Amino acid sequence: MVEKKHKNIPSLIGKSFIIIAIIIFSNYNIYKLNKKNIENEELKPLMIEVDNDNLSIDEQEVKTPVLIKKSNSNYIGVLEIPKLYFKKGFYDINDLNNDVNKNIELLSGSVMPNYDNSILVFAGHSGNGELAYFNDIDKLVKGDDINVYYNNKKYEYIVIDIYNEEKVGSIKINDYNNKLILTTCNQSDKTKQLIVEAKLRDN
């Protein structure tokens, strides 16, 4: 009886290896399939929240923001619009100085240009006063240049569209593959927000 049990041990071990191999092979195929589906998945529309009511400013209307962020008081990059002779540093998204009442604001949801499918969305005041940094972006036309300096590299964008949207508190971006967006209030129609869309130039 003991000999019979010993004879069955190699058989049981062999069957165990076969079962383990089948499980590993099946999981590997499932992983490959999921990875392929992720790689082929189309980019879904991105919703960027915008404080629309806070982009038009008069000199007397500046309010002190609630200090809920930390600051290192250092710019992480520079936004340049050559046509408008505009050049302004910007802060990290989580810096308390990254506030439209203090500077141009890099909106939450932005992805820096050193990553694939990057999207930079900047909001700025228009109107009167020294904080109206985006007061002249309505003068931009298709083909104009916008540059971003980040991590010791210059990223060159070209304006591809300029349009207005209803103020609904967000911007819907369908194609955010290496894009840059500037937004501010439309000074001619306070119910609209002006959007300038630019795309990263091919190297």
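Please list, ordered by residue number, the strands (runs of 3 or more DSSP E) wholly in segment 107-192 having 1 or more residues that are more than 22 Å from PRO82 (Cβ to Cβ) and among the acidic types (Asp, Glu).
So the answer is 153-166.
Against the condition touching a residue at least 40 places away in the same chain (Cβ under 8 Å), crowded, with 20+ Cβ neighbours inside 10 Å and in contact with a helix residue (DSSP H, G or I) (Cβ under 9 Å, 6 or more places away or on another chain), how does ILE146 come out, does it pass?
yes
Please give the number of the condition LEU107 fails out of (1) buried (at least 19 other Cβ atoms within 10 Å of the Cβ); (2) at pLDDT below 95.
Failed condition: (2).
Quick one: is LYS102 assigned to a strand (DSSP E or B) and over 18 Å from LYS192 (Cβ atoms)?
No.
Contact list please: Cβ distance under 6 Å, first residue in segment 171-192 and touching a residue at least 60 places away in the same chain (Cβ under 8 Å), second residue hydroxyl-bearing (Ser, Thr, Tyr) and surrounded by 15 or more Cβ atoms within 10 Å (Cβ to Cβ), pairs at least six apart or on different chains.
ASN178/SER118; LEU180/TYR157; THR184/SER126; CYS185/SER56; CYS185/SER126; GLN187/SER126
The values are calculated or read from the model by the stated rules, or taken from the named source; none is laboratory data. Since the model is a prediction, treat every value here as computed from it, not as a measurement. FYI the Cβ positions are ideal-geometry reconstructions off the backbone, even for glycines, and counts take in every protein chain you see.
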